[in-house]
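What follows is a single structure, written as structure tokens, with notes after it.
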Amino acid sequence: MLFYPIEYLGVDWYRPDKNCPYGIFGWQGVVPARTEKMASRLVDIVTKDLLSLKEAFSHIEPRKLAGLLSSPVEEAVRRESGEWWAYVLKPVLPFILERVLTALSRDIEDVLDLPHVVLDAFVRDKIVLVELFQKVGRVELDFLVKSGFGFGFVLGLAQMGFWAIKPYTWTLPIAGSLVGYVTNWIAIKLLFEPADPVYIGPLVLQGLFESRQVEVSDEFGHFLESRVLSSPQLLGALSNHNEEELFVFLRKELPPPIPEHIIYAAMQAIRNVAANPEKYDEIHRYVAKRLNIEETLSSRLKLLTPKSFENLLHPVFEEDEIILIVVGGVLGAITGLMQTRLGWGGHNAKAKAVATLVGSLSLSAFFFFLPEIQQKPEVKPISTPTGNYESAYDRAPPKIKRRNTVLRPKNF
């Protein structure tokens, strides 16, 4: 319900607005429905607290990148403006490009709109935001499922005792509703509260998400570099979405004798490099290495306060938290009603009650104490304007599932 369906499924009738996940007869995943709002909050965190384009581009060596770009720019000039212009510019092209790249490092924030680049990546393809939350919040999502077995079993014992005292047809539906409501409420609260660690003797109590700040920071940095701020995507945004700003910048920096058709050819060269990462792999590897976006995002995310760090994932639950809790209550009531109708409630059902108890205990134990596992690294191709691209610098960090707990020993 948090992530799927991506698009609204059902009859779009009496739906408060297009960003609302529910209607009278339909549902859309909370994250896809609230994509723009949630993405805007992420953009604020990334652009205000974590990443500066000017700082990142200052690490690029203009002479080195100019040498790498000379060939594709020459090709574009020859194709767009003719052999004669390519011949005339070839001797001076590396020096012109070096000058332009030096100025670009200084004025990059006037040419490339980073907030728009990040927001557009999420809004244009909602599945990107869904996958981001699923990746950085996978332990928390597992906790919601597994804690449902644990809390549900404990509260189910109270439900069974209540039914033994009041064996009426309404007992199980009412008790099931309370169990579902309370189980979801406790689980969601434990994900983010308390934000700051609370020391209880030799133990530390902290919200599950905040306690994983180091692990999540690494995964967040990797995901954003490979899926949102990769070299092909940044160059594509520079030459496509910020075309007018790029032209004004190039016209200002290039000598007046160079005509406009050469400037347009240079812009086309950047588009070609962005759209064909396999062909220009050396350029993209160099840009990615020098920008070092993954490491920058990861290291600075680790320095945020737990409360600020919480804003990465909490919006997923915060927007419609009450709905998720109430849905737990509704599903609990339906389950209790089914138990009653199928003969699992009422009088003379002790044997079936014992069977239910044993089965629930076995399932709860299996899922709750599932051992930690090391998953194989998953390498996802980088998204480019023309498809997917997988390069040597696109490495995936190991995904380690830890035992889900909000309590841990000190120095853990």
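The values are calculated or read from the model by the stated rules, or taken from the named source; none is laboratory data. This one's a predicted model, so the numbers in the text were calculated from it and none came from an experiment. Neighbour counts run over all protein chains shown; Cβ positions are idealised from the backbone, glycine included. Accessible surface is based on the protein model in full, side chains and every heavy atom, while ligands, DNA and RNA are left aside. Shrake-Rupley method; radii C 1.70, N 1.55, O 1.52, S 1.80 Å.
General observations
- Among (1) without any contact (Cβ under 8 Å) to a residue 24 or more places away in the chain; (2) surrounded by fewer than 17 Cβ atoms within 10 Å (Cβ to Cβ), the one test that residue 5 misses: (1)
- Single residue of segment 30-87 satisfying the filter (among the small types (Gly, Ala, Ser) and under 19 Å from residue 299 (Cβ atoms)) that is farthest from the chain's Cα centre (by Cα): 58
- Residue count for segment 56-85 under the criterion of being touching a residue at least 40 places away in the same chain (Cβ under 8 Å), open to solvent by 20 Å² or more (accessible area, probe 1.4 Å) and either of a type in the set (Gly, Ala, Ser) or within 15 Å of residue 293 (Cβ to Cβ) (or both): the result is 4.
- Out of 39, 33, one residue alone is in contact with a Leu (Cβ under 9 Å, 6 or more places away or on another chain) and either under 26 Å from residue 307 (Cα atoms) or modelled with pLDDT of 75 or more (or both). It is 39.
- Wholly enclosed helices (runs of 4 or more DSSP H) of segment 179-291 bearing at least 2 residues within 30 Å of residue 78 (Cβ to Cβ) and under 23 Å from the mean Cα position of the chain (by Cα): 231-236, 281-291
- Within the set 210, 215, the sole residue that is surrounded by fewer than 21 Cβ atoms within 10 Å (Cβ to Cβ) and either under 30 Å from residue 193 (Cα atoms) or touching a residue at least 12 places away in the same chain (Cβ under 8 Å) (or both) turns out to be 215.
- Scanning segment 226-271 for residues that are over 27 Å from residue 132 (Cβ atoms) and small (Gly, Ala, Ser) returns 265, 266, 269.
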